[in-house]
There are 2 protein chains.
Amino acid sequence: MSKIYKPRSISGFPEWLPEVRALELSWIDHIRKVFESYGFVNIETPAVEEIDVLLSKGETDKEIYVLNRLQADEKDKSDARLALHFDLTVPFARYTTQHFNELTFPFKRYQIQKVWRGERPQEGRFREFYQCDIDIINPESLPVHFDAEIPAVIDEILQGFGIPAYTIYVNNRKILLGYMNGLGLTDNAAMALRILDKRDKIGPEGVKKQLIEDLKLSEEIAEKALALATIKGNDVSVIEKARALGIKNDLFEEGLQELEYVLKSLGGFVGNRLMADLSIVRGFDYYTGTVYETKLNDYPEFGTVSGGGRYEDLAGQYIAKKLPGVGITIGLTRLLDKMVREGIIKPKRPSRTDVLITVFEDAQRAEALSIAAQMRGRGLNVEVFHSTQKFQKQVGYADKKEIPFVWFLPVDGKGHEVKNMKTGEQIAADPATWQPTVEERT
Amino acid sequence: MSKIYKPRSISGFPEWLPEVRALELSWIDHIRKVFESYGFVNIETPAVEEIDVLLSKGETDKEIYVLNRLQADEKDKSDARLALHFDLTVPFARYTTQHFNELTFPFKRYQIQKVWRGERPQEGRFREFYQCDIDIINPESLPVHFDAEIPAVIDEILQGFGIPAYTIYVNNRKILLGYMNGLGLTDNAAMALRILDKRDKIGPEGVKKQLIEDLKLSEEIAEKALALATIKGNDVSVIEKARALGIKNDLFEEGLQELEYVLKSLGGFVGNRLMADLSIVRGFDYYTGTVYETKLNDYPEFGTVSGGGRYEDLAGQYIAKKLPGVGITIGLTRLLDKMVREGIIKPKRPSRTDVLITVFEDAQRAEALSIAAQMRGRGLNVEVFHSTQKFQKQVGYADKKEIPFVWFLPVDGKGHEVKNMKTGEQIAADPATWQPTVEERT
């Protein structure tokens with residue numbers, strides 16, 4: 001073919017080299033393992049939903065990709081209204097209502113899939129990325145025990161990644177809302193929380209100013225509202241400090257008790273990586289209780305690694321049943337991209353091959369294939385070199401692919417030998433029993 | 001919210017219940033394990049490609065889904081020409097050319113991703129489905145050893161699924177083309193193969209009729225063309241039978257030698273599940289050597305489970321380099337759907353939870369959580385029941401979720417006990433050391 005079309009990368013759609021993809025896959029495997037160790041059940045939903053499903057929760061600020069067939073069959077309207085999902089929460093809500101009678105409740109589900117958003121791409125913001133979600137939902141009511149389980153799951157996952165120090169911030173919207181109510185704010189309590197949420201951006205003084213100007217609060221009330229947001233700590237002393245502010249309100253008290261339960265439950269597991277921070281709001285209005293937000297301690301500008309919370313009702317727009325739940329999501333792609341670009345986490349070797357069997361004469365190939373099959377039978381990953389090229393070529397292939405061992409078949413009276421590519425050591429070995437250690441295979 | 005939007009299933013986009021998804025995931029894990037055991041390297045490409053990339057190979061009969069943003073920013077044309085990929089071969093070709101200098105050759109890649117085709121849905125034909133592909137490519141030339149490796153990989157995968165008897169058919173297009181050339185067909189040889197390919201549909205008599213009518217062949221030549229297509233067998237005797245037809249042609253002879261090599265290499269591994277069948281053509285024109293086609297012996301109407309072959313040039317439309325290769329794909333979704341619908345393969349249990357720890361008093365919860373953490377530490381998947389509901393409720397949850405063991409904390413002077421849900425047996429057990437067998441955990 002004479003005409004060559006030179007493809008370019010598509011902005012916002014990340015594509016990794018094999019060694020970065022190997023790292024990503026190892027992260028996904030680890031996430032799955034932790035999710036499953038807590039009894040979460042996997043589901044996968046189609047990449048597409050009906051547009052009406054995506055929009056049924058009302059206005060969405062996510063830019064949606066709509067599908068059209070290139071050669072549309074005018075008579076077939078069956079796929080006229082499809083679009084790519086922009087998160088996994090809406091598909092999960094739709095899935096739950098559609099298969100309601102076939103699911104076991106409390107339904108602990110996990111979902112690891114790509115989502116698509118037609119946003120303008122910029123550093124750390126992608127148009128296609130992995131989300132890793134867990135949620136627990138139950139008809140009518142859901143015990144607070146699950147609120148305490150989620151940070152334990154997230155902590156175990158992040159510990160396994162080997163990323164730099166992070167903090168899992170936890171708060172409870174009932175504390176915030178009840179406190180505002182106790183201060184006399186009712187209709188404008190939600191607005192006050194939205195202003196409080198800008199604390200990182202505009203500072204405490206900025207928040208105070210907006211509370212006074214936008215909500216017509218007195219300076220005293222504005223300062224009291226801010227006082228709550230300054231409370232943070234690793235243990236239940238935060239509960240005492242909040243109570244010491246002297247607000248009497250049932251919702252406030254309920255929130256404090258829930259937060260106290262979460263902190264007490266988790267203290268032993270997560271230690272000082274868990275921080276109660278009464279300034280945490282979380283953007284979405286639909287959170288109603290516990291909220292979570294995880295940040296890297298030394299990369300504040302990176303934003304949230306993982307966020308979530310408790311909600312009153314998952315799927316009221318699709319089903320006449322109340323489904324309270326609690327859930328969290330990990331933004332895998334952003335985190336991986338950041339860690340690799342910063343050189344903090346090294347990519348893995350591109351293949352999982354443990355050993356390359358070299359072949360220097362065609363007559364050896366049958367033996368090489370037979371040994372390879374034998375080794376695979378005991379769980380090893382084995383390649384047989386594809387030609388009888390010279391030593392340098394074959395070892396060079398293992399080197400480039402970072403294969404940790406190279407095997408030599410018997411020659412000139414010598415028996416089988418295996419070379420450790422890292423140490424350079426070459427020793428006699430029995431193909432029927434040779435086994436590298438787990439560490440050597442990583 | 002008062003307005004309820006009742007979602008429906010979207011035709012052609014399969015969605016499984018958790019227990020079928022668990023089966024699918026176990027298949028994908030098995031496929032990965034086998035691919036990796038042969039040294040294949042994973043890549044993942046975006047769901048989308050530029051439309052120009054998808055169409056650059058010329059006409060495509062796959063209906064393509066084009067993306068449009070719902071709230072398109074008129075000034076931003078960066079994503080104006082994107083569409084969902086309809087297979088993994090085109091993205092692989094594009095990937096290889098784009099990252100050419102960073103890859104190690106021979107490049108053995110595997111890719112397990114969903115693809116989308118806007119075809120009219122019908123039984124066994126989906127609009128969204130998983131493809132599982134391997135290919136090996138190398139600049140300029142690629143040894144025939146790899147042609148022999150691929151059926152070994154496919155056989156190991158299919159053996160692990162536990163599906164009913166199947167046959168991996170293998171042929172070589174050089175045999176077919178060389179034979180036709182030897183019969184005097186040159187310009188119309190490709191057309192003759194296309195007619196031969198309809199053998200299953202129109203029968204040998206139909207093929208003969210078309211060869212005579214459409215290509216103006218004599219009855220004698222048409223019969224000779226058909227004679228080749230009747231040769232099949234499990235061993236190299238097929239090579240002798242083909243030579244006995246008396247055609248002298250270099251390409252024919254080259255094909256026979258390649259097929260003989262594949263059969264000899266694989267004989268020991270795949271046994272009578274491998275069948276040389278000189279009638280196999282494989283639709284795509286771009287195959288130039290070995291071709292593969294796997295079918296279920298008792299479900300001929302189901303068609304191809306897995307197909308592939310050798311090609312001269314992967315990516316001539318994107319790069320001025322010759323990249324010969326050999327590859328195969330497994331149509332995972334179709335096969336899984338068929339096996340589950342026919343009741344041949346049973347879904348798995350929805351979760352991987354090994355044991356449910358019951359809690360009948362709030363005071364026990366801390367101990368339950370601590371034991372759960374201890375058990376997870378040694379690799380078990382553990383749930384703690386979320387409330388102190390009565391015995392029936394808690395055991396009922398384990399039963400519905402098919403959790404194989406239920407744990408009872410010490411009570412009334414009795415120690416820890418664990419109940420095997422399958423046998424009903426309940427015995428004393430030590431939470432620090434208790435370990436179910438691999439079989440009990442499956």
Item to complete: Please find, among B:390, B:422, B:348, B:414, the residue that is within 30 Å of residue B:124 (Cα to Cα) and more than 9 Å from every other protein chain (Cβ to nearest Cβ).
Response: B:348
Practice prompt. Enumerate the strands (runs of 3 or more DSSP E) found wholly within the stretch A:390-442, keeping only those where 3 or more residues are closer than 15 Å to residue A:372 by Cα and not β-branched (Val, Ile, Thr).
Written response: A:405-408
Worksheet item: Among the residues of the stretch A:217-276 satisfying the criterion of being closer than 19 Å to residue A:143 by Cβ and of a type in the set (S, T, N, Q), which is least open to solvent (accessible area, probe 1.4 Å)?
Response: A:265
Worksheet item: Checking residue A:227 against (1) without any contact (Cβ under 8 Å) to a residue 60 or more places away in the chain; (2) under 28 Å from residue A:335 (Cβ atoms), which test does it fail?
Response: (2)
Discussion item. Restricting to the stretch B:365-378, count the residues that are open to solvent by 40 Å² or more (accessible area, probe 1.4 Å) and under 37 Å from the mean Cα position of the chain (by Cα).
Written reply: 2
Fill in: Only listed residue being facing chain A (nearest Cβ under 10 Å), charged (D, E, K, R) and touching a residue at least 12 places away in the same chain (Cβ under 8 Å), chosen from B:125, B:94
B:94
Worksheet item: Out of all the residues in the stretch A:123-136, which are open to solvent by 30 Å² or more (accessible area, probe 1.4 Å) and among the acidic types (Asp, Glu)?
Response: A:123
Worksheet, complete the sentence: Within the stretch B:300-329, of all residues that are without any contact (Cβ under 8 Å) to a residue 60 or more places away in the chain and of a type in the set (Ser, Thr, Tyr), the one nearest to residue B:255 (Cα to Cα) is B:311
Discussion item. Of the conditions (1) touching a residue at least 12 places away in the same chain (Cβ under 8 Å); (2) in contact with an Asp or Glu (Cβ under 8 Å, 6 or more places away or on another chain); (3) more than 16 Å from residue B:92 (Cα to Cα), residue B:15 satisfies every one except a single condition; which number is it?
Written reply: (1)
Worksheet item: Restricting the stretch B:393-403 to residues that are open to solvent by 10 Å² or more (accessible area, probe 1.4 Å) and more than 10 Å from every other protein chain (Cβ to nearest Cβ), which is nearest to residue B:353 (Cα to Cα)?
Response: B:395
Response to the item:
Just one listed residue, out of B:203, B:184, is at positive phi and open to solvent by 50 Å² or more (accessible area, probe 1.4 Å), and it is B:184
Fill in: Pair list, Cβ under 7 Å, 6 or more apart: the stretch B:273-299 residue more than 25 Å from residue B:224 (Cβ to Cβ), other residue open to solvent by 20 Å² or more (accessible area, probe 1.4 Å) and of a type in the set (Gly, Ala, Ser)
B:297/B:165; B:298/B:165
Discussion item. Being among the acidic types (Asp, Glu) and modelled with pLDDT under 85 narrows it down to one residue among B:15, B:59; which is it?
Written reply: B:59
Worksheet item: From A:139, A:106, A:91, which residue is surrounded by fewer than 16 Cβ atoms within 10 Å (Cβ to Cβ) and modelled with pLDDT of 95 or more?
Response: A:139
Worksheet item: In the stretch B:147-176, what count of residues is obtained for those that are over 21 Å from residue B:35 (Cβ atoms) and buried (at least 21 other Cβ atoms within 10 Å of the Cβ)?
Response: 7
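Quick one: is residue A:197 in contact (Cβ under 8 Å) with a residue 60 or more places away in the chain, open to solvent by 60 Å² or more (accessible area, probe 1.4 Å) and over 15 Å from residue A:276 (Cα atoms)?
Working: in contact (Cβ under 8 Å) with a residue 60 or more places away in the chain: yes; open to solvent by 60 Å² or more (accessible area, probe 1.4 Å): yes; over 15 Å from residue A:276 (Cα atoms): yes.
Yes, satisfied.
One line per residue, one yes/no per condition, for (1) surrounded by 18 or more Cβ atoms within 10 Å (Cβ to Cβ); (2) touching a Pro at 6+ places or on another chain (Cβ under 7 Å); (3) at negative phi:
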{"site": "A:303", "(1), (2), (3)": "no, no, no"}
{"site": "A:306", "(1), (2), (3)": "yes, no, yes"}
{"site": "A:312", "(1), (2), (3)": "no, yes, yes"}
{"site": "A:320", "(1), (2), (3)": "no, no, yes"}
{"site": "A:327", "(1), (2), (3)": "yes, no, yes"}
{"site": "A:344", "(1), (2), (3)": "no, yes, yes"}
{"site": "A:350", "(1), (2), (3)": "yes, yes, yes"}
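From the set of residues in the stretch A:1-57 that are among the polar types (S, T, N, Q) and more than 8 Å from chain B (Cβ to nearest Cβ), which is most open to solvent (accessible area, probe 1.4 Å)? Explain how you work it out, then say what you get.
Step one: filter the stretch A:1-57 for residues among the polar types (S, T, N, Q), giving A:2, A:9, A:11, A:26, A:37, A:42, A:45, A:56.
Still in the list and also more than 8 Å from chain B (Cβ to nearest Cβ): A:2, A:26.
Numbers: A:2: 115, A:26: 28 Å².
So, considering only residues that are among the polar types (S, T, N, Q) and more than 8 Å from chain B (Cβ to nearest Cβ), the one most open to solvent (accessible area, probe 1.4 Å) is A:2.
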Worksheet item: Mind checking whether some residue in the stretch B:295-312 is touching a Ser or Thr at 6+ places or on another chain (Cβ under 8 Å), away from every other protein chain (no Cβ under 14 Å) and more than 18 Å from residue B:88 (Cα to Cα)?
Response: yes
Worksheet item: Can residue A:429 be described as over 40 Å from the mean Cα position of the chain (by Cα), within 20 Å of residue B:39 (Cβ to Cβ) and open to solvent by less than 30 Å² (accessible area, probe 1.4 Å)?
Response: yes
Discussion item. Being in contact with a helix residue (DSSP H, G or I) (Cβ under 7 Å, 6 or more places away or on another chain), under 26 Å from residue B:102 (Cβ atoms) and facing chain B (nearest Cβ under 9 Å) narrows it down to one residue among A:406, A:382, A:340; which is it?
Written reply: A:382
Practice prompt. Identify the residue in the stretch B:109-122 that is open to solvent by 30 Å² or more (accessible area, probe 1.4 Å) and more than 8 Å from chain A (Cβ to nearest Cβ) and, among all such residues, is modelled with the lowest pLDDT.
Written response: B:122
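The values are calculated or read from the model by the stated rules, or taken from the named source; none is laboratory data. Not measured: the values here are computed from a predicted model. FYI the Cβ positions are ideal-geometry reconstructions off the backbone, even for glycines, and counts take in every protein chain you see. Calculation scope for accessible area: heavy atoms of the full protein, side chains included, ligands and nucleic acids excluded. Shrake-Rupley method; radii C 1.70, N 1.55, O 1.52, S 1.80 Å.
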